[in-house]
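Encoded as C-alpha cells, the structure appears first; notes follow it.
The values are calculated or read from the model by the stated rules, or taken from the named source; none is laboratory data. Just so it is clear, the structure is predicted and the values come from calculations on it, not from any experiment. Using ideal geometry, Cβ is built from the backbone for each residue, glycine included, and neighbour counts are taken over all protein chains shown. With ligands, DNA and RNA removed, areas are computed over all heavy atoms of the protein, side chains included. Shrake-Rupley method; radii C 1.70, N 1.55, O 1.52, S 1.80 Å.
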Amino acid sequence: QGDVFTYDPGFTSTASCESTITYIDGEEGVLLHRGYPIQQLAEKSSYLEVCYLLLYGDLPTAAELEKFVHDVTHHTMLHEQMYNFTRGFRRDAPPMAIMVGMVGAMSAFYHDSTDITDPWQREVAAFRMIAKMPTIAAVAYKYSIGQPFVYPRNDCDYATNFLRMCFSLPAEDYMPNPILSRAMDRIFTLHADHEQNASTSTVRLASSSGANPFACIAAGIACLWGPAHGGANKAALEMLEEIGTPDRIPEYIARAKDKDDPFRLMGFGHRVYKNFDPRAVVMKQSADEVLDLLGIEDNPILQVAKELEKAALDDPYFADRKLFPNVDFYSGIILNAMGFPTSMFTPIFAVSRTVGWVSQWKEMLMDPKQKIGRPRQLYMGATERDYVEVEDR
Ligand code: SDX
C-alpha cells in the first residue's frame, strides 16, 4: 500500500546517509579515511593523528597535532565518582557490560558537555569520549581481575598509557616495549572507522533524536558487542584455540560449509568486503612482528590461523562466496600475545571505534538537512480485521 519499499535484510544496498569521512570499495578491498589509504595510515601515521583526520577532515600540521595530543591526554582522567560507580558491578561482570554501563553513566557525570546544539559542548564531549575510553576499558579490565585501578599519566602516548593502565601493578610498574605500543597503536588505527557498520549506524540513529551523546555512544558499544560484529575477534581466537592443531582444520572447514551446522568461521566474511579486508593484511604483518618480538613466532595459534586461512582460500565454498579473512581474524592473536584475555578484545575494538562513532556523530549533527532517523518496513502481517470477544474465540 502507498510507497513501495524494497526489502534488504542488511541494508547493504540502500544508502542510509551522506558522509565524507570513510570510503570502502568492497569489491576492490579499498578503505580510505578522508582519501588516505588505510595501509599508509597504519604504516606512517598514529592513532591520534588519524583521530584528528577523521574529526577535522585533513592531516594536522605539527603544531595542530601537538595541541590535539596535549588536549586529548589532559582529558584521560575520569571523574573520581566513576570509579565508585564501577565498584557496584559484580566482579565477574564482562568488561563490555562495564563499558556500556560506564559510558552510559558519563551522561550523568559530564552535564556540561551534553547540549549538542552548543558547538563548544560538542567539541568537549568528543574529546572526553576519545580520551576517556582507554581509561574506562582499563578500569573494566582491572575490576574484572580484582586488581587496583591504574591512573593515566600525561607523559605517556595514547597506546602506552592504555597498556600501562592494564598491566601495571602497585608492586611493579609496567612500561611496554615500544614495539608493543606501536602494535597497539596500529590496532587502534585499523579499527578507527568503517563507514556505516552496524554500531556506527546505531550511534547515528540514536543521535538523530538529539539524545545525550554519551548515551548514544553507549548504544554503539552495545551493538559492537555482538559476535557478528565487534565480538568476532574474541570468537575468532576462541575458535582457533578450539581447533588447536592444523590437523583438525578440515573438520572445522566442513562444519563451516554444513548448512545444518550454525558454526561459521569467525573472522571470515564481511557485509561489504567481497575481497581481502585491507585491514586484515596489515594486521597479519603486525601479528608476525609482535610474535617475533615476544619470541613466540612459532605460536601454535598463529600457525593454525595461517593454515586455516590457506585451507579456506583454497576451498571453492569460500572462494565462490568471496569469504576472506576480515579485520578480526588476526587481531585476537596479537592481543592474546600481549597478555589480554579474550574478554578484553571487543572493549579494545570499542576504544578504537569511538573516534569513528564520534566523527560521524558530529558530521550528522552539523548537517543542516539532518532529521530524526525513521527506517521503514515491509509489512508482512495480517490485513485489517475486527476484534473478537474472548468468549467467541
Ligand atoms: C566486523 O560492517 C562492518 O564494517 C563491520 C566491521 C567494522 O569494522 O565495523 O568490519 C567489523 O564486524 C567484521 C565482521 C566480523 N564478523 C565475523 O567475522 C563473524 C563471521 N562472519 C559472518 O558472520 C559473516 O560473514 C558476516 C556477518 C560478517 C557477513 O555476513 P554476510 O555478508 O551477510 O554474508 P551472508 O550471511 O549473506 O553469507 C553469505 C554466504 C552464506 O552462504 P549461502 O547462504 O550463500 O550458502 O556465505 C556464508 C553464508 O552461510 N558465510 C559463511 C561465513 N560468512 C558467510 N560461511 C562460513 N563462515 C563464515 N564466516
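Laid out as a table, the results:
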{"read-out": "Residue match in segment 329-343 (condition: open to solvent by less than 40 Å² (accessible area, probe 1.4 Å) and either under 19 Å from Ala198 (Cα atoms) or over 24 Å from the mean Cα position of the chain (by Cα) (or both))", "value": "yes"}
{"read-out": "Those residues of segment 245-281 which are aliphatic (A, V, I, L, M), near the ligand (Cβ under 7 Å from one of its atoms) and either at positive phi or in contact with a Leu (Cβ under 9 Å, 6 or more places away or on another chain) (or both), in sequence order", "value": "Ala256, Leu265, Met266"}
{"read-out": "Subset of segment 211-230 [within 13 Å of the ligand (Cβ to nearest atom) and open to solvent by 10 Å² or more (accessible area, probe 1.4 Å)]", "value": "Cys223, Trp225, Gly226, Pro227, Ala228, His229"}
{"read-out": "Subset of segment 102-121 [in contact with a Ser or Thr (Cβ under 8 Å, 6 or more places away or on another chain) and crowded, with 18+ Cβ neighbours inside 10 Å]", "value": "Met102, Ser107, Thr114, Ile116"}
{"read-out": "Close pairs from segment 52-81: first under 29 Å from Phe109 (Cβ atoms), partner open to solvent by 80 Å² or more (accessible area, probe 1.4 Å), Cβ under 6 Å, at least 6 apart", "value": "Thr73/Asn154"}
{"read-out": "Leu163 being under 22 Å from Thr346 (Cα atoms) and open to solvent by 40 Å² or more (accessible area, probe 1.4 Å)", "value": "no"}
{"read-out": "Residue check, Glu242 in a helix (DSSP H, G or I), out of contact with any helix residue (DSSP H, G or I) (no Cβ under 7 Å at 6 or more places or on another chain), more than 6 Å from the ligand (Cβ to nearest atom) and more than 17 Å from Phe324 (Cα to Cα)", "value": "yes"}
